[in-house]
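Student: Can you keep this structure in mind? I'll have questions shortly.
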There are 2 protein chains.
Amino acid sequence: MTQPITAELAETITKLVLEELSKVGLAPSGEPQKYVLVGISARHVHVNRAHLDVLFGQGYELSKFKDISQPGQFAANEQVTLIGPKGKIEKVRILGPLRKDTQTEVAPSDARRLGVNPPVSQSGVHHGTPGITLVGPKGTVVIDQGCIIAERHIHMTLADAEAFGVWNGQKVQVKIGGSRGGLMDEVMIRVRDDFALDMHIDTDDGNAFGLKTGDIVEIIKS
Amino acid sequence: MTQPITAELAETITKLVLEELSKVGLAPSGEPQKYVLVGISARHVHVNRAHLDVLFGQGYELSKFKDISQPGQFAANEQVTLIGPKGKIEKVRILGPLRKDTQTEVAPSDARRLGVNPPVSQSGVHHGTPGITLVGPKGTVVIDQGCIIAERHIHMTLADAEAFGVWNGQKVQVKIGGSRGGLMDEVMIRVRDDFALDMHIDTDDGNAFGLKTGDIVEIIKS
């Protein structure tokens, strides 16, 4: 049976074509971009100079295991053990370079294993977050705050933000297809000119939504 | 021309039927219900008679650890080890009573640990699912299918289904609030008159959405 091309059908076809073009970065100007790549962040640690000295020895320098998606940042070869009131997790990788404040980023399932109850927090915002114990080959550090569940977020440059029609600090939703699909709320847009376009979620979100690094998801502005 | 029964069509029919029932006083008055309690299902195993014989010994009977939300079903004291190509998980609880077919229900993160790639599947539907090895105190069973990631689902009675304005086999969405909130798609309504009203999700979904057993979520009919 042939079907007459109704206005609705034409609109649907147009929409599909534009979506496909947008996926390969060819969206006509006017149409905002809406697709981003996902990167799954495993639990990790950022450390400051003083704590690295205690954990790995005075003056120790991190060595690069591999580059990660954000320019200048890297996964280090160095790993620590996290210890909480109820359990410990070994081989938690340090991300470099060094930061001003030590911070541990864990998934909710990790927090349960450790016995800590960190809030969902933006990286660097430690007010009201619990502490935790880090153990390295040379020593132990007990921080009294800085253990967070990282907020779902999307890194982008100002040019990206314009192309997507979003702004720094905006919360968007992200749509995921498939049999474990759905909609993630409370996804923070983070704009900085040295950011690479990338959505960061933790392993629990990755597992729940059936996502892996490199998958493409759609930004929804509600 | 016959027309396939789409979700839209089914919804329209349901709506019309409910309206007609309402005219003769047989529909719940007022607004449909929309809130359900969540139950988080940890990884577990259902076994059949023959496999229990191998795992725990000829004629062995499961003993009750505790009742679970669905009437007549229980968590048993008996536990097995699951072994996949890449790893094993110990102390996986058996749920009773015995079933016709042995089935293991794991979360996506468990599947990764084991090195299996099960599809999201309805309980009892094993076509195309991978096998796995179960180890008990008396013996080992290798099943060639029956390892699934359980489909997100909501149990209810027919009376509940009427009150919610949904039907058996309908896929709904479920809305979750909070800083890890969002929308779960592909949530199957399962109606049977001995079902207790309860939404079942696995631990990965529970962790990702910040849900625990007893939390209340909202059904959305899209």
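Bear in mind that the values in this text are calculations on the coordinates, not laboratory data. Computed from a prediction, not measured in an experiment: that's the story for all the values here. Cβ sites come from the backbone with ideal geometry, for glycine too, and all protein chains shown count toward neighbours.
Student: Could you work out the relative contact order of the range A:118-191, using alpha carbon pairs under 8 angstrom and six or more residues apart, expressed as a whole percent?
Tutor: With pairs under 8 Å counted, the relative contact order is 27 percent.
Student: Here is a follow-up. Starting from a label point 7 Å past Cα on the Cβ side, list the distances from A:R192 to the same position in the other copies, nm, shortest first.
Tutor: Values, ascending and in nm: 5.3.
Student: Would you kindly work out, in nm and rounded to one decimal, the distances from the label point of A:S179 to those of the same position in each other copy, ordered shortest first, with label points 7 Å along Cα-to-Cβ?
Tutor: Here the equivalent label points are 3.3 nm apart from this one.
Student: Still on this model: Which ³J(HN,Hα) values, rounded to whole Hz and listed in residue order, are derived for the range A:69-78 from phi using the Karplus coefficients 6.51, -1.76 and 1.60 in 6.51 cos²θ - 1.76 cosθ + 1.60 with θ = phi - 60°, glycine and proline given as x?
Tutor: 4, 7, x, x, 9, 8, 7, 8, 5, 6
Student: Mind sorting A:D53, B:D110 by how few other Cβ atoms lie within 10 Å of their own Cβ, fewest first? Don't skip to the answer; put the middle values down first.
Tutor: Numbers: A:D53 17, B:D110 25.
The fewest-first ordering by Cβ neighbours comes to A:D53, B:D110.
Student: Same structure again: Inter-copy label distances at B:K221, 7 Å along the Cα→beta-carbon direction, one decimal in nm, shortest first?
Tutor: B:K221 label point versus its equivalents elsewhere: 3.3 nm.
Student: Find the relative contact order for the range B:42-150 and round it to a whole percent, using C-alpha pairs within less than 8 Å whose residues are 6+ positions apart.
Tutor: 31
Student: Another question about this same structure. Amide H neighbours of A:I220 under 5 Å, counting only residues 5+ apart in sequence or on other chains, H built in-plane at 1.01 Å?
Tutor: Under 5 Å from the amide H of A:I220 lie the amide H atoms of A:Q173, A:V174, A:K175, each far enough along the sequence or on another chain.
Student: Same structure again: If you put +1 on each Lys and Arg Cβ and -1 on each Asp and Glu Cβ, how big is the dipole of chain B around its Cα centre, in Debye rounded to 20?
Tutor: Dipole magnitude for chain B comes out near 680 debye.
Student: Using the alpha-carbon atoms, what tilt in degrees (0 to 90, nearest 10) does helix A:7-23 show relative to the longest principal axis of chain A?
Tutor: The angle comes out at about 30 degrees.
Student: Taking 8 Å as the Cα distance limit and 6 or more residues as the minimum spacing, I'd like the relative contact order of chain A as a percentage.
Tutor: 24
Student: Sticking with this structure for a sec: Per residue of the range B:174-183, in order, report the coupling 6.51 cos²θ - 1.76 cosθ + 1.60 (Karplus, θ = phi - 60°) as ³J(HN,Hα) in whole Hz, putting x for Gly and Pro.
Tutor: 10, 9, 10, x, x, 6, 10, x, x, 9
Student: Further, regarding this structure: Show me, for the range A:39-53, the HN-Hα J-couplings you get by feeding each phi into the Karplus relation (A = 6.51, B = -1.76, C = 1.60, θ = phi - 60°), rounded to Hz, glycine and proline as x.
Tutor: x, 8, 9, 6, 3, 7, 9, 10, 10, 9, 4, 4, 6, 4, 4
Student: Assigning unit charges at the beta carbon (Lys, Arg +1; Asp, Glu -1) and nothing else, what dipole magnitude in debye, to the nearest 20, does the range A:101-209 show about its Cα centre?
Tutor: In total the dipole reaches around 300 debye.
Student: Continuing with the same structure: Would you mind checking A:K34/B:K86; A:K171/B:K34; B:K88/B:K175 for any pair whose Cα atoms are more than 28 angstrom apart?
Tutor: Going by Cα-Cα distance, A:K34/B:K86; B:K88/B:K175 fall outside the 28 Å limit.
Student: Among B:M199, B:M188, rank each residue by its count of other Cβ atoms within 10 Å, from fewest to most, as a rough exposure measure.
Tutor: B:M188, B:M199
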